[in-house]
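Novice: Before I ask anything, let me first share the structure, which is written out below as structure tokens.
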Amino acid sequence: MNRGRKSAIIVCASAFLACAVSTAAPEAPRVLQAPVWVYAERVPGSAESGDVVNDAPPLDRLDALSRFVLSGMVYGWKFSYVPYDKKRGVAEDFSLEPLAEIGENDPRFAIRYLKPSYPRILCVAEYTLDESHARWITHWDSVVFRTSKGRGAGERTAETLGIRAAYVNAIRSAVREHARKIEKNKPKEVIGEVLLRGDPRLFPDEGRFVAEVRVLVNVREVVPYRSF
């Protein structure tokens, strides 16, 4: 094969590959989903009227709870965990602070498959990740995070706030189990970050809301007791 013909074939092949790359279908956006539900009505003995959260219409409560769950799946929370210590008279304490939250006008958030199923209203909450979330994806895909599972409950009489409490208590349980694995001596405080993973599960059980979660945990600091 002469040199001119060989060069022409290479040029044609290069042009074909460039065309194929340019016409390839763009990568599908990453979408996070979670099943979410609330009760349509209060139950006797539930929280009293005047409660801003629980007095909201069911669809508003469903929307707010969906944003709470998905914010935990997209951005995560900072946490502070103080283990129970009987000898020191220290009560267990746990707090969560959102690293970021899904705003009310965020177009990437949506409620799909809304379905009234008395006494509940169910949906699939959905959030589409884009280029602006690259930093968060890279952060949470880091090898420093470890998987943990937890289960927690909230009172049915607390209505929607009881659902939130169930999630928070489930996350606390997951953090507690992880902390026990990494620290032999009971610490004064454990500080870190946690992210919801997979589909968190929520179900009613004997007058309570029960949540089961899988999370990623990163412990940033373990504060020891300086003395007994």
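Novice: Name the residues in region 171-228 that are β-branched (Val, Ile, Thr) and closer than 20 Å to Ala100 by Cβ, would you?
Specialist: Residues satisfying the conditions are Ile171, Val175, Ile191, Val194, Val213, Val215, Val217.
Novice: Please specify each residue of region 184-225 satisfying the condition of being more than 23 Å from Ser46 (Cβ to Cβ) and free of Cβ contacts under 8 Å to residues at least 24 places away in the same chain.
Specialist: Correct list: Lys184, Gly198.
Novice: Tell me, please, whether a residue that is buried (at least 19 other Cβ atoms within 10 Å of the Cβ) and either out of contact with any helix residue (DSSP H, G or I) (no Cβ under 7 Å at 6 or more places or on another chain) or within 11 Å of Phe79 (Cβ to Cβ) (or both) can be found in region 200-214.
Specialist: no
Novice: Identify, please: which residue in region 127-165 is closer than 13 Å to Arg30 by Cβ and part of a strand (DSSP E or B) and is, among those, farthest from the chain's Cα centre (by Cα)?
Specialist: That would be Thr128.
Novice: Go through region 114-136 and give me each residue that's among the aliphatic types (A, V, I, L, M) and surrounded by 15 or more Cβ atoms within 10 Å (Cβ to Cβ). I'd like the intermediate steps shown before the answer.
Specialist: The first filter runs over region 114-136 and keeps only residues among the aliphatic types (A, V, I, L, M), leaving 114, 121-122, 124-125, 129, 134.
Once the filter is applied, which keeps residues that are among the aliphatic types (A, V, I, L, M) and surrounded by 15 or more Cβ atoms within 10 Å (Cβ to Cβ), region 114-136 yields Ile121, Val124, Ala125, Leu129.
Novice: Further, regarding this structure: Is there a residue in region 100-109 that is outside any loop (DSSP other than H, G, I, E, B) and on the phi < 0 side of the Ramachandran plot?
Specialist: Yes - at least one qualifying residue is present in region 100-109.
Novice: Name the single residue, out of those in region 166-209 being under 24 Å from Lys86 (Cα atoms), small (Gly, Ala, Ser) and part of a helix (DSSP H, G or I), that is modelled with the lowest pLDDT.
Specialist: Residues of region 166-209 under 24 Å from Lys86 (Cα atoms): 168-192.
Add one more test, that the residue is small (Gly, Ala, Ser), and what stays is 170, 173-174, 179, 192.
Going one step further and asking which of them are part of a helix (DSSP H, G or I), we end up with 170, 173-174, 179.
On the way: Ala170: 98, Ser173: 98, Ala174: 97, Ala179: 92.
Among residues in region 166-209 that are under 24 Å from Lys86 (Cα atoms), small (Gly, Ala, Ser) and part of a helix (DSSP H, G or I), the one modelled with the lowest pLDDT is Ala179.
Novice: If the requirement is being part of a loop (DSSP other than H, G, I, E, B) and surrounded by 11 or more Cβ atoms within 10 Å (Cβ to Cβ), which of these qualifies: Asp60, Asp55?
Specialist: After applying the criteria, what remains is Asp55.
Novice: So, one more: What is the number of the single condition among (1) without any contact (Cβ under 8 Å) to a residue 60 or more places away in the chain; (2) in contact with a His (Cβ under 8 Å, 6 or more places away or on another chain); (3) polar (S, T, N, Q) that Ser148 does not meet?
Specialist: The number of the failed condition is (1).
Novice: Quick one: in region 66-113, of everything that is exposed (fewer than 13 other Cβ atoms within 10 Å of the Cβ) and among the polar types (S, T, N, Q), which residue is nearest to the chain's Cα centre (by Cα)?
Specialist: Ser95
Novice: Restrict the check to region 92-104 and report whether at least one residue is under 27 Å from Glu189 (Cα atoms) and touching an Asp or Glu at 6+ places or on another chain (Cβ under 8 Å).
Specialist: yes
The values are calculated or read from the model by the stated rules, or taken from the named source; none is laboratory data. Quick caveat, the model's predicted, so the values are computed rather than measured. Backbone-built Cβ (ideal geometry, glycine too); neighbour counts: all protein chains shown.
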